[in-house]
1. Tally the residues that are out of contact with any Phe, Trp or Tyr (no Cβ under 9 Å at 6 or more places or on another chain) and either modelled with pLDDT of 95 or more or not aliphatic (A, V, I, L, M) (or both), restricting the search to the stretch 93-106.
2. Can you tell me which residues in the stretch 118-155 are within 23 Å of the chain's Cα centre (by Cα), outside any strand (DSSP E or B) and crowded, with 16+ Cβ neighbours inside 10 Å?
3. For the stretch 96-117, name all the residues that are among the charged types (D, E, K, R), within 26 Å of the chain's Cα centre (by Cα) and part of a strand (DSSP E or B).
4. Name the pairs: first residue in the stretch 50-78 and assigned by TED's automatic domain parsing to the domain that holds ILE29 and in contact (Cβ under 8 Å) with a residue 12 or more places away in the chain, second residue surrounded by 18 or more Cβ atoms within 10 Å (Cβ to Cβ) and charged (D, E, K, R), Cβ to Cβ under 6 Å, at least 6 apart or on different chains?
Amino acid sequence: MKKPLILNVTTRAQTGRSASRRLRKVNRIPAILYGKHTNPEKLSIETPEFVRLLKSVAGRAVLIELSRADKPEKALSFLQEVQRDPITDRYLHVDLHEVKADEKFEIRVPVHVMGESFGVKNQSGVLEIGAHMVRIRCTPNELPEAVDVDVTELKVGETIKIGELKPIPGVIFLDDKGQPVVSCVEPVAEVVVEAPVAAAAPAEGAAAPVGADGKPVPAGDAKAPAPAGDAKAAAPAGDKKAAAPAAGAKPAAGAKPAAPAKK
C-alpha cells in the first residue's frame, strides 16, 4: 500500500449548528468519520491543516491516516465529501469514510485522459468527456490514484466506454459497462446570424416626404404620403354615383337613357 497522507484531527463533543459555527469562528472545520464497522465519530480539523492536505491530494484518489491526540490507534480513511459555502468559499464540513487495510471498499476515482486523439489531430474532431469520475471496488493496497484512458487511436465518431477501459489488477469497475467515458465528436457548425438591413436614408439634398397635413413624415413611417397633386382619392367600388359616360357612348344594358336637355 502506498504511504497514506497524515491528517491531524481532534475529537469534539458538541454537535449542532451553533457548535459548528463556533468552530468555524476559531478557524476549525467540523468533520465526521464513519465506516462499516464503527459508529460515526465527531471530529474537527484546523483549516490550515486541511488546506495543506488538499494541496497534497491534488485531485488524486489517496488514503488518509487520521492522527488523534486522545487515541493511540490511527484510522485509515478517504475523503468522501467536502462542503463549501458557495458565496464565501469557506469550508463548512468534511465527511471521512473509514476503511480497513484488508477489506475491499468502494470509492470514486478521477479519470485522466492521456495522449492526443487521432480524430482531434487529423479530423478536426473535439474530445468530449462523458465521465470525470468512475466508481471502483478494491482494497487499500490496490487503490489507483486515477484511471488512465489512452485516446491516441480514438477517431471521430468513436467512444471509449467503461467496459473498454484497460483492466487494473485488483480493481472492479462498478459503473455500467456501456457508459461513455471519452468520445471524439464532430465540431459543432457555427451559425451565422445576418444583421437586419437598415432602412435606406434619403439622398443628401432630397426633400423629405410630406404628409397630408403638410408636415414631414419621419423616416421608416409605415404610411407613405399620398402622391403629390392628388386632390381626391379614387371612388371606392360600389359607389352609388358612377362617373358620367363619355360623349357618344352607348348606355349600358338595363340603364335608363338620360333625359334630353330642355331648350
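The values are calculated or read from the model by the stated rules, or taken from the named source; none is laboratory data. Everything numeric here is computed off the predicted structure, so don't read it as measured data. Note: ideal-geometry Cβ built from the backbone for every residue, glycine included; neighbour counts use all protein chains shown.
1. So the count comes out to 6.
2. Within the stretch 118-155, VAL120, GLY125, ALA131 meet the criteria.
3. ARG108
4. So the pair list comes out as ALA75/GLU98; SER77/GLU98.
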